[in-house]
Amino acid sequence: MPHKKDDIFQHTSEQLRAFLDERNLRHTPERFTILSAVCRLQRFTIDELRSKLTDITISRATVYNTLSLLEDARLIQK
């Protein structure tokens with residue numbers, strides 16, 4: 001049986017793909033890794049989020065830029 005957070009990630013990743021396609025932006029693994037971590041957390045600081053990103057090395061700038069992108073896509077809010 002799928003886990004609810006997996007369902008949330010599946011749904012939001014589809015929305016992110018559509019958002020990126022509409023704007024001709026790349027589907028980078030970093031964006032989807034950050035989205036996955038965000039889906040596992042409810043509230044977080046940048047440092048808490050970065051501590052969850054252990055699969056690949058992602059710069060602080062990439063995290064900030066991706067969070068801004070996710071906010072523009074209305075997938076998260078401040």
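Miscellaneous remarks
- Candidate values (i) 22; (ii) 50; (iii) 46, label of the one derived for percent of Cα pairs over 21 Å apart: (i)
- Around the Cα centre of the chain, unit charges on the Cβ atoms of Lys, Arg, Asp and Glu (plus for the first two, minus for the last two) sum to a dipole of about 180 debye.
- Average accessible surface area per residue within the chain, 1.4 Å rolling probe, Å²: 74
- In the chain, a dipole from Cβ-located charges (positive for Lys and Arg, negative for Asp and Glu) runs towards its positive end, and of F44, I34, T62 it is F44 whose Cα lies farthest in that direction.
- Nonpolar atom fraction for the chain, defined as the carbon and sulfur part of the 1.4 Å probe accessible area, stands at 46 percent.
- For the chain, averaging the sequence separation of C-alpha pairs within contact (under 8 Å, six or more residues apart) and dividing by the residue count gives a relative contact order of 34 percent.
The values are calculated or read from the model by the stated rules, or taken from the named source; none is laboratory data. None of the values given here were measured: they were computed from a predicted structure. With ideal geometry, Cβ positions are generated from the backbone for all residues, glycine too; neighbour counts draw on all protein chains shown. Protein only, heavy atoms only, side chains kept; ligands, DNA and RNA dropped before computing areas. Shrake-Rupley method; radii C 1.70, N 1.55, O 1.52, S 1.80 Å.
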